[in-house]
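Okay, structure first, notes after.
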Amino acid sequence: MILYTHTDLDGVFSAALISIVEQVDEFRFVDPGTVQSGRIPFTKNDIIADLPFDRRCGMWFDHHESSRPREGLKFEGAWGAAPSCARVIYGHYENPYLEKFAKGLGEVDNIDSGKVPIGQAESPSGWFLLSNTLETEAPKKEDDGYRRHVINLIQKNPEIETILEDEWVAERSANVKQELETFRRMLLENTKMVGRVAFSDLRLAKGFPRGNNYLVYSLFPGAVTSVRLMPVDEEDGTVKLSVGHNVYGKKSEFDVGAAMKKIGGGGHRPVGGATVKAEETEEIAKRLIDELNRWEGAHP
């Protein structure tokens with residue numbers, strides 16, 4: 001049985017929970033766009049977690065509003081309007097073996113639903129620091145190996161202090177803190193305010209450091225929403241686009257997840273993303289920024 005899950009902390013934590021209750025033989029980490037493309041040959045032996053639904057799979061768990069199942073859709077698993085996919089899984093199984101993960105699950109809920117204090121954005125620690133170690137500029141194969149390692153650590157002992165003491169985790173944590181300053185400078189150099197939107201164009205960035213999605217709001221507090229273009233993936237000619245509302249400022253009701261779904265992505269009302277063709281990126285970003293500013297102008 002193969003478990004397909006997202007690359008972030010919610011995906012990793014979800015995998016840790018599911019593989020305690022279900023017999024999972026292999027973990028594979030993919031992004032929503034890959035699932036939506038139909039390129040993965042899912043079978044009834046596969047579980048999908050924290051990713052869009054595919055009718056060919058055996059079980060599915062998710063919490064994204066953009067993936068809300070249509071009325072009458074029958075499937076094994078669960079969808080719920082919860083702060084994390086891991087929370088949906090925890091509630092679905094109601095298994096006493098999962099109770100020891102309750103404390104960590106609360107942290108995953110906060111991180112995946114954007115309840116990250118601004119101090120954590122500027123200086124990550126605890127579970128938020130761990131979440132920042134899951135994606136680096138290393139080859140995907142190495143990142144995936146690290147994610148499997150973290151799943152094993154969570155299952156053995158879900159206390160974050162113990163997890164952060166692990167040699168591999170500690171090494172990546174140190175790199176995260178070091179690269180955060182580089183990321184800060186990169187955002188300042190490549191971000192401009194377009195109306196009420198902080199637009200970060202990082203497509204040409206080299207040696208891209210991993211940073212968190214909240215730092216931009218510390219640097220540009222006047223932004224209601226941020227739009228970020230990541231470096232071009234030279235292998236398949238695509239760009240990852242991420243959009244989010246400023247969790248520390250004015251509350252916006254613009255539905256980011258719905259907007260991302262229109263371009264092949266997904267997410268929640270306050271945050272979402274998509275993978276788009278490199279040649280279409282500029283036009284898509286401009287159209288999205290215009291839409292965001294029109295919305296905020298009409299809903300001050």
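Within the range 170-185, the presence of a residue that is on the phi < 0 side of the Ramachandran plot and part of a loop (DSSP other than H, G, I, E, B) is excluded. Restricting the range 6-16 to residues that are out of contact with any Phe, Trp or Tyr (no Cβ under 6 Å at 6 or more places or on another chain) and not in a loop (DSSP other than H, G, I, E, B), the residue that is farthest from Ile47 (Cα to Cα) is Leu9.
Rundown of residues vs (1) closer than 20 Å to His268 by Cβ; (2) in a helix (DSSP H, G or I); (3) charged (D, E, K, R), yes/no style:
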{"site": "Gly33", "(1), (2), (3)": "yes, yes, no"}
{"site": "Gly38", "(1), (2), (3)": "no, no, no"}
{"site": "Pro41", "(1), (2), (3)": "no, no, no"}
{"site": "Arg55", "(1), (2), (3)": "no, no, yes"}
{"site": "Phe61", "(1), (2), (3)": "yes, no, no"}
{"site": "Phe75", "(1), (2), (3)": "no, no, no"}
{"site": "Ala78", "(1), (2), (3)": "yes, no, no"}
{"site": "Arg87", "(1), (2), (3)": "yes, yes, yes"}
{"site": "Leu98", "(1), (2), (3)": "no, yes, no"}
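Of the residues making up the range 197-249, those that are modelled with pLDDT under 95 and charged (D, E, K, R) are Arg203, Lys206, Arg210, Asp233, Glu234, Glu235, Asp236, Lys240. For the range 109-161, the candidate set comprises residues that are among the polar types (S, T, N, Q) and in a helix (DSSP H, G or I); within that set, the residue that is farthest from Leu98 (Cα to Cα) is Gln120.
If the condition is being surrounded by fewer than 18 Cβ atoms within 10 Å (Cβ to Cβ) and out of contact with any Phe, Trp or Tyr (no Cβ under 8 Å at 6 or more places or on another chain), then the range 141-163 contributes Lys141, Glu142, Gly145, Asn152, Gln155, Lys156, Asn157, Glu159, Glu161, Thr162.
Could you tell me whether the range 175-185 includes any residue that is surrounded by fewer than 20 Cβ atoms within 10 Å (Cβ to Cβ), farther than 28 Å from Ala102 by Cβ, outside the structural domain of Val24 (by TED's automatic domain parsing) and at pLDDT 95 or above? No; the residues of the range 175-185 include none that is surrounded by fewer than 20 Cβ atoms within 10 Å (Cβ to Cβ), farther than 28 Å from Ala102 by Cβ, outside the structural domain of Val24 (by TED's automatic domain parsing) and at pLDDT 95 or above.
Per the conditions (1) surrounded by 13 or more Cβ atoms within 10 Å (Cβ to Cβ); (2) in the same structural domain as Gly273 (by TED's automatic domain parsing), the sole criterion not satisfied by Lys192 is (1). Scan the range 244-276 for residues that are outside any loop (DSSP other than H, G, I, E, B), of a type outside the set (Lys, Arg) and surrounded by 18 or more Cβ atoms within 10 Å (Cβ to Cβ) and the total you get is 14.
Within the range 2-11, is there a residue that is more than 14 Å from the chain's Cα centre (by Cα) and of a type in the set (Val, Ile, Thr)? Yes, the range 2-11 has at least one match. Under the condition of being among the β-branched types (Val, Ile, Thr), buried (at least 22 other Cβ atoms within 10 Å of the Cβ) and over 16 Å from the mean Cα position of the chain (by Cα), the residues counted in the range 89-132 number 1.
When the range 204-238 is filtered for residues that are crowded, with 18+ Cβ neighbours inside 10 Å, in a loop (DSSP other than H, G, I, E, B) and of a type in the set (Lys, Arg), only Arg210 remains. Being modelled with pLDDT of 90 or more, in contact with a strand residue (DSSP E or B) (Cβ under 8 Å, 6 or more places away or on another chain) and more than 9 Å from Thr225 (Cα to Cα) is the filter here, so list the residues in the range 250-260 that pass it. Passing the criteria: Phe254, Val256, Gly257, Ala259, Met260.
The values are calculated or read from the model by the stated rules, or taken from the named source; none is laboratory data. Fair warning: this is a prediction, and the values are worked out from it, not measured in the lab. Note that each Cβ is placed from the backbone with ideal geometry, even for glycine, and that neighbours are counted across all protein chains shown.
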